[in-house]
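The values are calculated or read from the model by the stated rules, or taken from the named source; none is laboratory data. From a predicted model like this one, the values you see are computed outputs, not experimental measurements. Cβ placement follows ideal geometry from the backbone for every residue including glycine, while neighbour counts extend to all protein chains displayed. Protein only, heavy atoms only, side chains kept; ligands, DNA and RNA dropped before computing areas. Shrake-Rupley method; radii C 1.70, N 1.55, O 1.52, S 1.80 Å.
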Amino acid sequence: MPNPKRKFSRSRTRKKRTHDRHKLAVLHLSECPRCHQRRRPHRVCGNCGYYDGEPVIKL
Ligand SMILES: [Zn+2]
């Protein structure tokens, strides 16, 4: 049975990727107010383990 090589044409895949939702995520960074390391916003700081002034990760 003949089968298409791919589900979507390369053009269609690329067009799809130009749409915002499919764009590669731009890494947004904000500064941790405690240790001033760059961290992802709304995430626990990977350096000091604090979020919103509270220790979240017990060391
Ligand atoms: Zn921190």
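Leaving out ligands and nucleic acids, note down the accessible area per residue over the chain with a 1.4 angstrom probe, in whole Å². Please list the in-between numbers first.
Details: 6020 Å² over 59 residues.
The answer is 102 Å² per residue.
What ranking do 5-11, 35-41 get when scored by the average of other Cβ atoms within 10 Å per residue, highest first? Kindly include the intermediate steps, with their values, before the conclusion.
Working: 5-11: 8.4, 35-41: 12.9.
By packing density, highest mean first, the sequence is 35-41, 5-11.
Can you pull a Stokes-Einstein diffusion coefficient for the chain at 25 °C (0.890 mPa s), Rh from Kirkwood over Cα pairs, as a whole number of µm²/s?
On the way: Rh = 14.9 Å.
The Stokes-Einstein estimate is 165 µm²/s.
Considering only protein heavy atoms and a 1.4 Å probe, what is the carbon-and-sulfur percentage of the accessible area of the chain?
Values: 3080 of 6020 Å².
On the chain, the fraction of accessible area on carbon and sulfur atoms equals 51 percent.
Under 29 Å between alpha carbons: how many lysine pairs meet that in the chain, if sequence neighbours fewer than 8 apart on the same chain are excluded? Intermediate values should be presented prior to the final figure.
Values: 5/15; 5/16; 5/23; 7/15; 7/16; 7/23; 15/23.
Eligible lysine pairs with Cα atoms under 29 Å apart amount to 7.
Helix-only mean residue ellipticity at 222 nm, the chain, DSSP H runs n ≥ 4 weighted -39,500 (n - 2.57), per residue, nearest 500. What is it? Write out the running numbers ahead of the final one.
Values: 1 runs with 9 residues, N = 59.
Rounded to the nearest 500, the figure is -4500 deg cm²/dmol.
Step through the residues of the range 40-54 one at a time and calculate ³J(HN,Hα) from phi using the Karplus curve (6.51 cos²θ - 1.76 cosθ + 1.60, θ = phi - 60°), rounding each to whole Hz and writing x for Gly and Pro.
With the stated coefficients, the range 40-54 comes to 6, x, 6, 10, 4, 5, x, 8, 10, x, 9, 9, 6, x, 10 Hz.
Quick one: which residues, 5+ away or cross-chain, put their amide H under 5 Å from the amide H of residue 50? H built at 1.01 Å from N.
For residue 50, whose amide H was placed from the backbone, the distant partners under 5 Å are 45, 56.
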